[in-house]
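Worksheet: the structure to be examined is printed underneath.
The values are calculated or read from the model by the stated rules, or taken from the named source; none is laboratory data. Here the structure is a predicted model, which means the values were calculated and not measured. In this analysis, Cβ positions are derived from the backbone assuming ideal geometry, glycine residues included, and neighbour counts consider all displayed protein chains. We work out accessible area using only protein heavy atoms, side chains counted, and drop any ligands, DNA or RNA first. Shrake-Rupley method; radii C 1.70, N 1.55, O 1.52, S 1.80 Å.
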Amino acid sequence: MSVEHPVRLALGLLVVVAFALLYDRLQRRATSRDLAYSNVAFFADAAKPRAWIPRALQALWIVALGGLVLAVARPHLTIPVPARDGNVFIAIDTSGSMASTDVVPTRAQAAKAAARAFITESPPGTRIGILSFSGVAGVVAPLNADRQAVAAALDDVPLPNGATAIGDALKLAAQLLPSRGHRVVILITDGVNNAGTDPTEMAQWLGAHHIPVYTVGIGTPNGGLIPGTNEEATIDEDALRSYAQVSGGAYARAENATQLRDALARLGRITSLQSKAVDASLGFAIAGGLGMLIAFLAGFGLGRYP
């Protein structure tokens, strides 16, 4: 939380402290007066179970006054709100290792199904594009707010074949995303980069330009053989965590198609949100006013006036 007028806040806090001290002094005087004109033993015995009441009323008055002070200082709360200018590129690995069947039916088919889940969960108005990459990166579908059109374009994602150029995919996304607005890259891959641009450098560049990369690693710990070869399909989780960390995104691991689909659906919901500072003055003012009203009515009903 931040405040627009810190001087007002400082002065208001002094008022709250002064009020607390004055309230405490008046309560002590009232108690002394009651003791002076009461049967002391009876009064002490009767009042003991309710000794917390004046303290509770005092605390409520202080909290309520604090709310009004915050309202005057114009507080702003940073909260997640739907992004109206959201732009997301889904980059899908189509290298040879994505033909592995350790994720049923294959890593590649599971990735396409998960991308559909992402598109479905994204709110209307979000512009989504599809990239594919193996030895080179290419555009499958440009940014488009028509979710049905983008989902249909997934049928054009190439079959698994070739090397893995993660850096080239990130570079292409950086070139095609608009220069401003809420921008995100979703990277679905096994994370074993072996061609093209350095992905760490590109992830750092994206992070410096406020474009987070959310990486989703697909594959089981034991991996499997790439069909038609003797090469093992592995997964480089450390690299994927690194790309996400340096860009301000997050990493998720998926060992089966269900986990992958759930991860992408979750990203579809959260990547369409952006942090925004919202003026909370009215809320604090209402809360402070209600608090004072409750404190007054409670004190009046209990015969204790602030």
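Just checking, how many residues over region 99-142 are within 18 Å of T258 (Cβ to Cβ) and of a type outside the set (G, A, S)?
The qualifying residues number 14.
Hey, which of the helices (runs of 4 or more DSSP H) in region 201-306, taking only ones fully inside, have at least 1 residues that are over 29 Å from L131 (Cβ atoms) and modelled with pLDDT of 70 or more?
Passing ranges, in order: 281-301.
Consider region 189-205. How many of its residues are of a type in the set (S, T, N, Q) and open to solvent by 70 Å² or more (accessible area, probe 1.4 Å)?
2
What's the number of the condition P199 fails, among (1) touching a Leu at 6+ places or on another chain (Cβ under 7 Å); (2) free of Cβ contacts under 8 Å to residues at least 40 places away in the same chain?
For P199, the failing item is (2).
Take residues that are modelled with pLDDT under 90 and open to solvent by less than 30 Å² (accessible area, probe 1.4 Å) and tell me which of the helices (runs of 4 or more DSSP H) falling wholly in region 92-186 contain 3 or more.
107-121
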